[in-house]
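To keep things clear, I will list the structure first and then write my remarks on it.
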Amino acid sequence: MEVTVNRARVSIVQGDITKQTTDAIVNAANPSLMGGCGVEGAIHRAGGPTILEECKKIVARQGRLPTGKAVITTGGKLQARYVIHTVGPVWHAGSSNEAELLRSAYYECLKLAGENKLASISFPSISTGAYGYPLDEAARIAVSTIVSFLKTQVTTIEEVVFVLFDSRTHQSYLSALQEVMDSPQA
């Protein structure tokens with residue numbers, strides 16, 4: 001599925017984010033930025049040691065990455081030129097400002113992409129794996145944040161791709177995009 005928001009294309013695909021050719025891919029990172037499992041481990045493995053070395057320098061300079069914030073590194077061996085690392089919230093049944101922190105993670109990635117004059121960016125589903133965020137709610141937050149950003153911000157971004165690993169996540173994001181585009185505010 002693909003829609004246009006202002007002049008930007010927003011699409012949802014099922015696949016491997018490490019194979020994307022967008023200017024940047026987003027890494028659903030842990031605060032240490034040192035790799036691990038899930039999307040983060042796959043990106044570090046595919047991108048090679050350059051990404052980890054840059055992450056180590058960032059952490060040495062500023063400390064661990066706070067939840068809802070984002071930083072950028074080169075893409076190493078990836079086809080994408082850059083990796084934007086963000087930390088999504090761990091799900092605590094909605095009692096720890098998780099929705100706002102998740103919105104912030106997506107927003108900060110888009111802001112950083114624009115500041116670096118990037119035209120395209122690919123996102124995974126942030127916080128829905130090991131961090132336990134309920135998938136349908138996370139998908140609605142992700143899609144609505146991106147659509148709102150593209151409608152209200154002056155940006156260089158022309159393409160946003162949600163790259164989702166499995167069919168259940170893919171379907172959840174398709175439903176969320178349809179819901180957001182069908183709403184009167186869209």
(message) Please determine whether any residue of region 49-70 is assigned to a helix (DSSP H, G or I) and of a type in the set (S, T, Y).
(response) yes
(request) Within region 134-165, track down each residue that is in a loop (DSSP other than H, G, I, E, B) and either more than 24 Å from A80 (Cβ to Cβ) or at pLDDT below 95 (or both). (result) P134, Q153, V154, T155, F165
(request) Have a look at L52, L102, L78, L65 and point out the one that is farther than 18 Å from E115 by Cα, free of Cβ contacts under 8 Å to residues at least 24 places away in the same chain and surrounded by 15 or more Cβ atoms within 10 Å (Cβ to Cβ). (result) L52
(request) Take region 18-47 and flag every residue that is over 20 Å from P89 (Cα atoms) and assigned to a helix (DSSP H, G or I). (result) T18, K19, H44, R45, A46, G47
(message) Here is a check on your reading of the model: is S122 under 22 Å from R9 (Cα atoms), buried (at least 22 other Cβ atoms within 10 Å of the Cβ) and touching a residue at least 24 places away in the same chain (Cβ under 8 Å)?
(response) yes
(request) Test T73 against the stated conditions and say whether it is assigned to a loop (DSSP other than H, G, I, E, B) and either free of Cβ contacts under 8 Å to residues at least 60 places away in the same chain or buried (at least 21 other Cβ atoms within 10 Å of the Cβ) (or both). (result) no
(message) Residues to consider are G129, G94, G88; find the one that is small (G, A, S), touching a helix residue (DSSP H, G or I) at 6+ places or on another chain (Cβ under 6 Å), in a loop (DSSP other than H, G, I, E, B) and at pLDDT below 95.
(response) G129
(request) Quick one: which residue in E2, E40 is modelled with pLDDT under 95 and closer than 25 Å to T152 by Cα? (result) E2
(request) Looking only at region 3-17, count how many residues are surrounded by 15 or more Cβ atoms within 10 Å (Cβ to Cβ) and either part of a helix (DSSP H, G or I) or in contact with a helix residue (DSSP H, G or I) (Cβ under 7 Å, 6 or more places away or on another chain) (or both). (result) 7
(request) State whether the residues of region 26-37 include one that is small (G, A, S) and over 20 Å from K56 (Cβ atoms). (result) no
(message) Can you say whether G114 is assigned to a helix (DSSP H, G or I), in contact (Cβ under 8 Å) with a residue 24 or more places away in the chain and either under 16 Å from V26 (Cα atoms) or within 14 Å of the chain's Cα centre (by Cα) (or both), as far as the supplied structure shows?
(response) yes
(message) Tally up the residues in region 36-56 that are on the phi > 0 side of the Ramachandran plot and within 15 Å of the chain's Cα centre (by Cα), please.
(response) 1
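The values are calculated or read from the model by the stated rules, or taken from the named source; none is laboratory data. Source: prediction; values computed, not measured. In this analysis, Cβ positions are derived from the backbone assuming ideal geometry, glycine residues included, and neighbour counts consider all displayed protein chains.
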